[in-house]
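The values are calculated or read from the model by the stated rules, or taken from the named source; none is laboratory data. Since the model is a prediction, treat every value here as computed from it, not as a measurement. No Cβ is skipped: glycine too gets one built from the backbone with ideal geometry, and neighbour counts run over all protein chains shown. Note: areas computed on protein heavy atoms with side chains; ligands, DNA, RNA excluded. Shrake-Rupley method; radii C 1.70, N 1.55, O 1.52, S 1.80 Å.
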Amino acid sequence: MSKRKKTVAILGSTGSVGRQSLKVIERFPDLFTIYGLTCYRNVDLLALQVKEHNPKLAVVADHHFLPKLKSQAQGTEVLSGMEGILELVSRPEVDLVINALVGSVGALPTIRAVENGKDVALANKESLVMAGEIIMPLAGRRRAKIIPVDSEHSAIHQCLRAGRKGEIKRIILTASGGPFWKNPGHLREGITKEEALTHPTWRMGEKITIDSATLMNKGLEVIEAHWLFSLPPSQIQVLIHPQSVVHSLVEFIDGSVIAQLAPPDMEIPIQYALSLPQRFPRVKPGLDLVQLGNLNFYPPPKKGFPCLNLAYKALEEGGTMPAVLNGANEVAVEAFLEGKIELPDIAKIVEGVMDLHQPSLHPDWEGIWEAHKWAQKEGRLIIEERAKG
Ligand SMILES: NC(=O)c1ccc[n+]([C@@H]2O[C@H](COP(=O)([O-])OP(=O)(O)OC[C@H]3O[C@@H](n4cnc5c(N)ncnc54)[C@H](OP(=O)(O)O)[C@@H]3O)[C@@H](O)[C@H]2O)c1
């Protein structure tokens with residue numbers, strides 16, 4: 001274990017991954033120190049975290065909540081807005097940024113952190129979905145590591161330690177399938193927000209839980225895997241694995257398949273991202289293989305879940321198309337959570353927006369952000385038209 005404490009900034013420390021990151025870090029006080037924490041509006045929780053971890057800097061993304069944070073986190077420097085988050089990831093004292101923001105808002109902080117040569121433990125998959133073409137080469141030039149936190153990509157990262165890049169035949173991302181993949185009607189109309197938010201194996205934030213129910217989450221992960229592991233879509237496959245115990249697998253050219261198994265607990269990939277290249281001990285129980293029973297694998301359903309194919313299509317088309325897929329999906333998920341559309345409408349809205357888009361190839365960040373905003377605007381127009389009937 002290294003002697004100097006690693007200084008960590010957690011973006012989105014009040015969210016599901018952010019809170020679990022803090023739990024992991026609390027167990028290794030001799031190895032890590034918290035430099036900065038951020039939230040969007042949940043200032044009450046951020047202020048509690050500030051009291052407990054005593055960071056140098058706390059950031060609330062919504063400017064309106066700055067006075068409240070100032071009054072609750074006295075003695076700590078406080079900032080607000082995206083400028084505050086970008087300032088945090090640029091501070092020379094920060095060694096590692098854990099990006100646990102949800103959505104497109106997470107992409108620019110990843111770019112800025114990497115520009116500043118910081119290692120990034122990346123939970124925010126939207127960063128690579130939107131801007132993988134910029135982030136990965138930039139990370140190479142700045143010698144910044146992009147370490148996956150998503151359990152599937154963490155699993156692939158671990159499996160790849162068993163062979164060389166040229167020896168990979170394919171990688172297989174597993175998906176729990178969410179609550180509906182087995183039902184005959186698949187994503188039927190009338191599914192309530194509460195039903196869609198009941199994930200069978202994982203407890204996560206609302207956005208990713210809805211994405212899991214439509215399989216868009218797996219589509220976003222296919223794009224993320226393409227950039228992280230530099231593999232073409234034809235070498236990235238998806239299997240439904242309802243138990244969420246095998247987190248992903250790599251098949252090598254000699255026929256060997258290496259899998260990573262663990263309890264469905266995000267603390268494991270978070271801890272792996274923090275401990276690399278070593279492993280730290282787990283304090284909670286591990287897998288009981290005898291109790292586990294059967295492990296099942298199925299091909300993704302052919303009907304009823306178009307989001308996975310839409311993501312493969314966006315990846316094949318490239319350029320600004322994955323950002324458009326992601327932007328349209330964000331507004332559609334938001335509209336579903338607000339009760340404005342049905343669950344199956346999400347895929348229709350994303351497809352409708354993608355059909356209208358002519359992707360620009362090799363865009364810079366401004367081009368990506370413009371395409372993202374355009375996709376959100378077009379998505380909202382389609383949602384409004386559907387509401388009018
Ligand atoms: N949850 C999981 O188990 C899991 C697993 C794998 C990957 N991931 C990925 O990890 C990321 C985070 O997921 P999550 O489930 O932890 O999300 P979450 O629980 O919704 O938390 C999101 C965090 O981002 C903050 N945030 C939200 N909107 C923001 C904005 N506009 N500007 C700045 N900050 C904002 C939230 O602050 P407030 O609390 O103030 O709203 C919160 O701290 C996602 O990309 C997800 O796909 C999650």
Could you give every pair whose Cβ atoms fall below 7 Å, whose first residue belongs to the range 144-163 and is without any contact (Cβ under 8 Å) to a residue 60 or more places away in the chain and farther than 14 Å from Leu261 by Cα, and whose second residue is assigned to a loop (DSSP other than H, G, I, E, B) and not β-branched (Val, Ile, Thr), counting only separations of at least 6 or pairs across chains?
Ala144/Gly117; Ala144/Lys118
Would you mind stating whether Leu228 is open to solvent by 10 Å² or more (accessible area, probe 1.4 Å) and part of a strand (DSSP E or B)?
no
Criterion first (modelled with pLDDT of 95 or more, more than 18 Å from Val8 (Cβ to Cβ), within 16 Å of the ligand (Cβ to nearest atom) and part of a helix (DSSP H, G or I)) does Leu138 satisfy it?
no
Using the structure shown, decide if Asp355 is within 27 Å of Pro232 (Cβ to Cβ), open to solvent by 40 Å² or more (accessible area, probe 1.4 Å) and within 22 Å of the chain's Cα centre (by Cα).
no
Please give the number of the condition Glu251 fails out of (1) within 19 Å of the chain's Cα centre (by Cα); (2) of a type outside the set (Phe, Trp, Tyr); (3) surrounded by 17 or more Cβ atoms within 10 Å (Cβ to Cβ).
(1)
Considering only the range 170-184, I want to know if a residue exists there that is away from the ligand (no atom under 12 Å from the Cβ), touching a Ser or Thr at 6+ places or on another chain (Cβ under 7 Å), modelled with pLDDT under 95 and open to solvent by 20 Å² or more (accessible area, probe 1.4 Å).
yes
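With Asp254, Asp288 as the choices, which residue is among the acidic types (Asp, Glu), farther than 18 Å from Ser151 by Cα and at pLDDT below 95?
Result: Asp288 is the single residue among Asp254, Asp288 that is among the acidic types (Asp, Glu), farther than 18 Å from Ser151 by Cα and at pLDDT below 95.
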The range 6-30 - residue that is under 23 Å from Ser151 (Cβ atoms), touching a Phe, Trp or Tyr at 6+ places or on another chain (Cβ under 8 Å) and not in a loop (DSSP other than H, G, I, E, B) and, of those, most open to solvent (accessible area, probe 1.4 Å):
Lys6
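Do we find that Lys145 is more than 19 Å from Ser13 (Cβ to Cβ) and touching a strand residue (DSSP E or B) at 6+ places or on another chain (Cβ under 6 Å) in this structure?
yes
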What number of residues within the range 83-102 satisfy the criterion of being more than 10 Å from the ligand (Cβ to nearest atom) and surrounded by fewer than 24 Cβ atoms within 10 Å (Cβ to Cβ)?
10
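Looking at Val105, Val60, Val114, Val120, which is the one that is farther than 14 Å from Trp227 by Cα and open to solvent by 10 Å² or more (accessible area, probe 1.4 Å)? Spell out how you get there, then give the answer.
Working: Val60 fails: open to solvent by 10 Å² or more (accessible area, probe 1.4 Å); Val114 fails: open to solvent by 10 Å² or more (accessible area, probe 1.4 Å); Val120 fails: open to solvent by 10 Å² or more (accessible area, probe 1.4 Å).
After ruling out the rest, the residue left standing is Val105.
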Within the range 253-283, restricting attention to residues that are within 16 Å of the ligand (Cβ to nearest atom) and assigned to a helix (DSSP H, G or I), which residue is farthest from Gln243 (Cα to Cα)?
Leu274
Could you grab the pairs with beta carbons closer than 6 Å, sequence gap of 6+ or different chains, first residue in the range 11-22 and farther than 15 Å from Ile208 by Cβ and of a type outside the set (A, V, I, L, M, F, W, C), second one open to solvent by 30 Å² or more (accessible area, probe 1.4 Å) and near the ligand (Cβ under 6 Å from one of its atoms)?
Thr14/Asn42
From the list Val78, Val129, Val89, Val114, which one is touching a residue at least 12 places away in the same chain (Cβ under 8 Å) and assigned to a strand (DSSP E or B)?
Val78
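Does Ser151 fit the bill of being within 11 Å of the ligand (Cβ to nearest atom), farther than 21 Å from Ile268 by Cβ and under 15 Å from the mean Cα position of the chain (by Cα)?
When the stated conditions are applied, Ser151 does not pass them.
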Checked pairs for the range 31-57, first in a loop (DSSP other than H, G, I, E, B) and modelled with pLDDT of 95 or more, second within 14 Å of the ligand (Cβ to nearest atom) and among the acidic types (Asp, Glu), C-beta under 9 Å and 6 or more apart or across chains, list as Tyr40/Asp62; Arg41/Asp62
Would you confirm whether any residue within the range 286-300 is touching a helix residue (DSSP H, G or I) at 6+ places or on another chain (Cβ under 9 Å) and either open to solvent by 20 Å² or more (accessible area, probe 1.4 Å) or not aromatic (Phe, Trp, Tyr) (or both)?
yes
Residue check, Trp202 against (1) surrounded by 14 or more Cβ atoms within 10 Å (Cβ to Cβ); (2) part of a loop (DSSP other than H, G, I, E, B); (3) more than 9 Å from the ligand (Cβ to nearest atom), all met but one. Which one?
(3)
Check on Asn42, within 21 Å of the chain's Cα centre (by Cα) and more than 24 Å from Trp369 (Cβ to Cβ)
yes
